[in-house]
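Taking it in order: structure first as structure tokens, then the write-up.
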Amino acid sequence: MTKKVLVLPGDGIGPEIVGQATRVLDALIENHGLDVTYESALVGGSSYDAHETPLTDEVLAQAKDADAILLGAVGGPKWEQYDISVRPEKALLKLRSELELFGNLRPAILYKQLADASSLKPELVSDLDVLIVRELTGGIYFGQPRGIRTLENGERQGFNTYVYSESEVERIAHVAFKAAMLRDKRVCSVDKANVLEATELWREVMERVSKEYPEVELTHMYVDNAAMQLVRAPKQFDVMVTGNMFGDILSDCAAMLTGSIGMLPSASLDANGKGMYEPIHGSAPDIAGQNKANPLATILSVSMLLRHSFGEGALADKIDQAVSTVLDQGYRTADIHTEGDTLVSTTEMGDAVLKALA
Ligand code: IPM
Ligand code: MG
């Protein structure tokens, strides 16, 4: 049956990079027998400008109806002045929670062609391949109660709730252990169990679920140490699993180890393999509209989509191979450009990938 993809370009560089990714989709549909249709819709600030909400009910319904979603990026200074309830980021959070996309896979892979782009010494990061599994629909991001209240003395107080139920920890634990089974069979669970009861329970549940995966080695690390270890000796990690907020922070840190956040895709999956796929970088308003942004993370997000939601591993490999080829050929957008490479624009990078695919 024909699969349906909802394409949400979003804000800033979103439309430019997604434009290159849909060219790749088109090529696979036309020349490689991929049975997919897609339609595009507004999300984030661009939706706010048109409809005064970052996510309309109609687009939410389209997202629920689709078999997978490809998203560019949302947000920008233009919308920062608005109330938090209608900011572009709310659209992302609502999509994640309404679609129950609790399993967030954020690979941090160093392409050997880009070893010089890392801020760490090449020997520390060469062949780096860490997978961060971030819980995406719970924790302090969604915990109730939350808000800003006024105390009796008239002082205002902001508050949020860090909460995880056993079932939430269990299901993300399974995602991490299953991923580890396909890799080096090591999971490091990151918590703050020395201070937070919520993560004490997290640790206990991780231990319990690990019994079902006797081949996988489970270790635990406090989040402060994990941040330090990521920049000290990142190759010690295979799969890291953690809660929503720690995962937000650690995944940016891990991404930077690879030298370019412009290269990294991500998947946010529900219990049935339906997912939303997006580059892990943001909307980069400073370079929006200049045909400068790196489209490779979004193109690689299409690869993850085909692999994880559509079972099209061979076509996903084709995309990964094409990206590797263009890097071998020396094509670089500004974010990964060094002396001696060929500096290309967003669309020229798209051209090069299409050529490599053909
Ligand atoms: C991310 C982003 C989002 C998050 C923001 C944009 C809401 O930083 O996907 O990592 O905090 O989850
Ligand atoms: Mg983040």
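The values are calculated or read from the model by the stated rules, or taken from the named source; none is laboratory data. Please read all numbers here as calculations on a predicted model, not as lab measurements. We place every Cβ from the backbone using ideal geometry, glycine too, and count neighbours over all the protein chains shown.
Per-structure values
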{"read-out": "Subset of segment 280-298 [at pLDDT 95 or above and either under 13 Å from the mean Cα position of the chain (by Cα) or not in a helix (DSSP H, G or I) (or both)]", "value": "S283, A284, A288, G289, Q290, N291, K292, A293, N294, P295, A297, T298"}
{"read-out": "Qualifying residue in segment 241-254 (condition: more than 16 Å from ligand 2 (Cβ to nearest atom) and closer than 26 Å to N194 by Cβ)", "value": "yes"}
{"read-out": "Inter-residue pairs, beta-carbon under 8 Å, first touching a residue at least 12 places away in the same chain (Cβ under 8 Å) and assigned to a helix (DSSP H, G or I) and in segment 13-36, second of a type in the set (K, R) and surrounded by fewer than 24 Cβ atoms within 10 Å (Cβ to Cβ), 6+ apart", "value": "L28/K318"}
{"read-out": "Residue that is nearest to ligand 2 (Cβ to nearest atom), among those in segment 91-116 that are in a loop (DSSP other than H, G, I, E, B) and more than 17 Å from L269 (Cα to Cα)", "value": "L110"}
{"read-out": "Inter-residue pairs, beta-carbon under 7 Å, first without any contact (Cβ under 8 Å) to a residue 12 or more places away in the chain and in segment 178-204, second part of a loop (DSSP other than H, G, I, E, B) and surrounded by 15 or more Cβ atoms within 10 Å (Cβ to Cβ), 6+ apart", "value": "E200/A193"}
{"read-out": "Filtered residue count, segment 188-241, keeping only those that are in contact with a helix residue (DSSP H, G or I) (Cβ under 8 Å, 6 or more places away or on another chain) and of a type in the set (S, T, Y)", "value": "3"}
{"read-out": "Enumeration of residues in segment 304-358 that are part of a loop (DSSP other than H, G, I, E, B), under 24 Å from the mean Cα position of the chain (by Cα) and among the charged types (D, E, K, R)", "value": "E312"}
{"read-out": "Residue check, R171 of a type in the set (K, R) and either in a helix (DSSP H, G or I) or within 30 Å of G330 (Cβ to Cβ) (or both)", "value": "yes"}
{"read-out": "Members of segment 256-278 that are of a type in the set (V, I, T) and either closer than 20 Å to E168 by Cα or more than 12 Å from ligand 1 (Cβ to nearest atom) (or both)", "value": "T258"}
{"read-out": "Some residue of segment 57-65 being surrounded by fewer than 20 Cβ atoms within 10 Å (Cβ to Cβ), out of contact with any Asp or Glu (no Cβ under 7 Å at 6 or more places or on another chain) and at pLDDT below 95", "value": "no"}
{"read-out": "Segment 47-90: number of residues that are in a helix (DSSP H, G or I), farther than 28 Å from G273 by Cα and hydroxyl-bearing (S, T, Y)", "value": "2"}
{"read-out": "Segment 115-151: number of residues that are at negative phi and within 20 Å of the chain's Cα centre (by Cα)", "value": "15"}
{"read-out": "Lone qualifier among I287, I249 - being out of contact with any Leu (no Cβ under 9 Å at 6 or more places or on another chain), under 12 Å from I17 (Cβ atoms), surrounded by fewer than 23 Cβ atoms within 10 Å (Cβ to Cβ) and not charged (D, E, K, R)", "value": "I287"}
{"read-out": "Those residues of segment 266-280 which are surrounded by fewer than 24 Cβ atoms within 10 Å (Cβ to Cβ) and within 16 Å of ligand 2 (Cβ to nearest atom), in sequence order", "value": "A267, I280"}
{"read-out": "Segment 210-255 - residue that is within 16 Å of ligand 1 (Cβ to nearest atom) and of a type in the set (D, E, K, R) and, of those, modelled with the lowest pLDDT", "value": "D252"}
{"read-out": "Flag if L296 is surrounded by 20 or more Cβ atoms within 10 Å (Cβ to Cβ) and assigned by TED's automatic domain parsing to the domain that holds E80", "value": "yes"}
